[in-house]
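Bear in mind that the values in this text are calculations on the coordinates, not laboratory data. Quick caveat: nothing in here was measured; it's all calculated off a predicted structure. Here the Cβ positions follow ideal geometry from the backbone for every residue, glycine too, while neighbour counts run over all protein chains shown.
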């Protein structure tokens, strides 16, 4: 699967597997990573991985 320049939606992104997937997508060159969690304020650390590419949704 080609990750570079792709857009992804990751649910449950604030910890564990979701956070690991976001790191992998970011490091692989995804251009847009939309993230969700039950509480949006728990995504602060995730967004800090790549503020220009990681967009929290609520």
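The table that follows gives values for the structure above.
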| read-out | value |
| --- | --- |
| Acute angle (nearest 10 degrees) that the helix 16-27 long axis makes with the longest principal axis of the chain, alpha-carbon atoms | 40 |
| Peptides 42-49, 3-10 ordered by average Cβ neighbours within 10 Å, highest first | 42-49, 3-10 |
| Length added when fully stretched, residue 48-residue 3, from 0.36 nm per residue minus Cα-Cα | 14.2 nm |
| Cα centroid separation - segment 21-58 against segment 1-17, whole Å | 8 |
| Among (i) 42, 32, 21; (ii) 45, 24, 17; (iii) 30, 21, 16, the entry derived from the coordinates for Cα extents along the principal axes in Å | (iii) |
